[in-house]
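What follows is a single structure, written as structure tokens, with notes after it.
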Amino acid sequence: MTRPKNDSFLRALLREPVEYTPVWLMRQAGRYLPEYCETRRRAGNFLNLCKSPNMACEVTLQPLARYELDAAILFSDILTVPDAMGLGLYFAEGEGPKFERPLREEWEIRALAAPDPYDHLRYVMDAVIEIRKALANSVPLIGFSGSPFTLACYMVEGGASEDFRRIKTMLYERPDLLHHILKVTAQSVIGYLNAQIESGAQAVMIFDTWGGTLSHRGYREFSLAYLEQIVAGLHREYDGERIPSIVFTKGGGQWAEDIARIGCDAIGLDWTSSLSEIRRRVGDKVALQGNLDPMALFATPEVIAAEGRRVVDDFHSAGPGGGHVFNLGHGISQFTPPHHVSTLVNTVHEYSRHFHRL
Ligand code: CP3
């Protein structure tokens, strides 16, 4: 019912006035933090960490103890959904995520069903409840999911892929089968995100990491159409509060107008787009989130500060008004020196204040 004490992130997403530009970072809880590596070691492996609400809560809070971040993001993974659909997720050391039973045969695809989030993904809901309690209304909690197309990439390929050969073959040869996967996955994502909202998530983000690998036409048919279904199916309000939604298609800046039309509150952008240029194109339809190149965090503190200011300047050069959430253009690298992150967060907070004075 009550907004968090620091609600600058929610306000920016809803394009309400703020005192400074709020900041959070994709993958803010992760391997660049020694305390994360320590908790992960205790858990035994990454999946155990995701499946323990207690340890998931612990690592969610770690970056907030170090930095003045304006939002927390649930610690989990996008691939918990296909795991709950029975594909058998595992992480092979140094190889990234893999599925024991990828979708290869038509009968396997036809047998696919949306999981009950309160049963198969109960551990995620328990983590959301525990994190909200631990945050004690200090900053908002972001829930998240993968997009149907991005999840389908992993479900069909069986793991990470360089060329997306299997899923693209299916797209061109058997679009009906791919549409079936996407339809069931979109239903799963709606149920999963709504359950996160009912458990306490105060904003939601959909990660469409691989939508940018599609053709101009393919993006609309195989990714955007399902993102639109999801946004339409989400709780817009819960417990008397608006629940803003963010859609992030990596490499999707060229389609910003189309994304802005599906009803989401904000668009996530990677570093290949200019925030002011996108702002001019989408007007005040949506807020923007992004978009510093994560590799900028390897430079000296002076350069990091200058690059952070450049992103803030870029957004505001399109004219007065708010609606910017500062973030990286993709997840933070595991090799990032932790103290470089403080430089970035503090610079954006201090520097952005003068743009928000009325
Ligand atoms: O932002 C956060 O702090 C929340 C946690 C989060 C993780 N994964 C934790 C994680 C979020 C939001 C994700 C999303 C995710 N997972 C995406 C979409 C965003 C993106 O990065 O494009 C994707 C494609 C995945 C799938 C996934 N999970 C991959 C490809 C990998 C391996 C990559 C790698 O960095 O090794 C993971 C594992 C993963 N998910 C880790 C973390 C912290 C590293 C696991 C470890 O500790 O070994």
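The values are calculated or read from the model by the stated rules, or taken from the named source; none is laboratory data. In this text, all values refer to a predicted model and were calculated from it rather than measured experimentally. Neighbour counts are summed over all protein chains in view; Cβ atoms, including those assigned to glycine, are modelled from backbone coordinates with ideal geometry.
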| query | Taking segment 22-58 only, how many residues are of a type in the set (A, V, I, L, M) and more than 8 Å from the ligand (Cβ to nearest atom)? | reply | 6
| Among (1) aromatic (Phe, Trp, Tyr); (2) surrounded by fewer than 17 Cβ atoms within 10 Å (Cβ to Cβ); (3) within 23 Å of LEU227 (Cβ to Cβ); (4) within 16 Å of the ligand (Cβ to nearest atom), where does TYR123 come up short? | (3)
| Can you find even one residue in segment 51-67 that is of a type in the set (Lys, Arg), at negative phi and without any contact (Cβ under 8 Å) to a residue 24 or more places away in the chain? | no
| task | Please list, ordered by first then second residue, the pairs with beta carbon atoms under 9 Å, 6 or more apart or interchain, first in segment 124-151 and free of Cβ contacts under 8 Å to residues at least 24 places away in the same chain, second of a type outside the set (Ser, Thr, Tyr) and surrounded by 22 or more Cβ atoms within 10 Å (Cβ to Cβ). | result | LYS133/CYS57
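Return the only residue of GLU221, GLU162, GLU173, GLU157 being within 13 Å of the ligand (Cβ to nearest atom) and more than 24 Å from HIS120 (Cα to Cα).
GLU162
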| request: Report yes if VAL139 is buried (at least 19 other Cβ atoms within 10 Å of the Cβ) and either touching a Cys at 6+ places or on another chain (Cβ under 6 Å) or not in a helix (DSSP H, G or I) (or both), otherwise no. | output: yes
| request: Read through the list (1) without any contact (Cβ under 8 Å) to a residue 60 or more places away in the chain; (2) touching a Leu at 6+ places or on another chain (Cβ under 6 Å); (3) away from the ligand (no atom under 16 Å from the Cβ); (4) closer than 30 Å to ASP258 by Cβ, then give the number of the only condition that LEU292 fails. | output: (3)
| said: Take the residues in segment 230-251 that are among the small types (Gly, Ala, Ser) and in a loop (DSSP other than H, G, I, E, B); name whichever of them is nearest to PHE9 (Cα to Cα). | reply: GLY240
| request: Kindly indicate the residue of segment 65-98 that is touching a strand residue (DSSP E or B) at 6+ places or on another chain (Cβ under 6 Å) and at pLDDT below 95 and also nearest to the ligand (Cβ to nearest atom) among those meeting that condition. | output: PHE91
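Search segment 198-218 for residues being within 23 Å of ILE278 (Cβ to Cβ) and of a type in the set (A, V, I, L, M), and hand back the single one that is nearest to the ligand (Cβ to nearest atom).
Step one: list which residues in segment 198-218 are within 23 Å of ILE278 (Cβ to Cβ), which gives 203-218.
Subsequent filtering for residues that are of a type in the set (A, V, I, L, M) retains 203-206, 214.
On the way: ALA203: 13, VAL204: 11, MET205: 8, ILE206: 10, LEU214: 15 Å.
That would be MET205.
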| Among the residues of segment 259-267, is any closer than 24 Å to VAL312 by Cβ, part of a helix (DSSP H, G or I) and of a type in the set (Val, Ile, Thr)? | yes
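Somewhere in segment 23-33, is a residue among the β-branched types (Val, Ile, Thr) and either touching a residue at least 60 places away in the same chain (Cβ under 8 Å) or surrounded by fewer than 18 Cβ atoms within 10 Å (Cβ to Cβ) (or both)?
First pass over segment 23-33, keeping only residues among the β-branched types (Val, Ile, Thr): 23.
In the following step, the residues that additionally are either touching a residue at least 60 places away in the same chain (Cβ under 8 Å) or surrounded by fewer than 18 Cβ atoms within 10 Å (Cβ to Cβ) (or both) were identified as 23.
Looking through segment 23-33, at least one residue is among the β-branched types (Val, Ile, Thr) and either touching a residue at least 60 places away in the same chain (Cβ under 8 Å) or surrounded by fewer than 18 Cβ atoms within 10 Å (Cβ to Cβ) (or both).
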| query | Is there a residue in segment 194-207 that is in a loop (DSSP other than H, G, I, E, B) and in contact with a Ser or Thr (Cβ under 9 Å, 6 or more places away or on another chain)? | reply | no
| said: Looking at the structure I just gave you, is LEU344 crowded, with 21+ Cβ neighbours inside 10 Å, of a type outside the set (Gly, Ala, Ser) and touching a strand residue (DSSP E or B) at 6+ places or on another chain (Cβ under 7 Å)? | reply: no
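The rows are residues; the columns are (1) more than 16 Å from the ligand (Cβ to nearest atom); (2) of a type in the set (S, T, N, Q); (3) not in a helix (DSSP H, G or I).
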residue	(1), (2), (3)
LEU297	no, no, no
ALA306	yes, no, no
ASP314	yes, no, no
VAL325	no, no, yes
ILE332	no, no, yes
PHE335	no, no, yes
HIS340	yes, no, no
VAL345	no, no, no
| Odd one out for ASP284, checked against (1) surrounded by fewer than 18 Cβ atoms within 10 Å (Cβ to Cβ); (2) within 22 Å of ALA72 (Cα to Cα); (3) in contact (Cβ under 8 Å) with a residue 60 or more places away in the chain | (2)
| query | Restricted to segment 1-14, and to residues that are within 25 Å of ARG279 (Cβ to Cβ) and either surrounded by 19 or more Cβ atoms within 10 Å (Cβ to Cβ) or hydroxyl-bearing (Ser, Thr, Tyr) (or both), which residue is nearest to the ligand (Cβ to nearest atom)? | reply | PHE9
| query | Here are LEU177, LEU227: which of them is in contact (Cβ under 8 Å) with a residue 24 or more places away in the chain, in contact with a Cys (Cβ under 9 Å, 6 or more places away or on another chain), of a type outside the set (Lys, Arg) and part of a helix (DSSP H, G or I)? | reply | LEU227
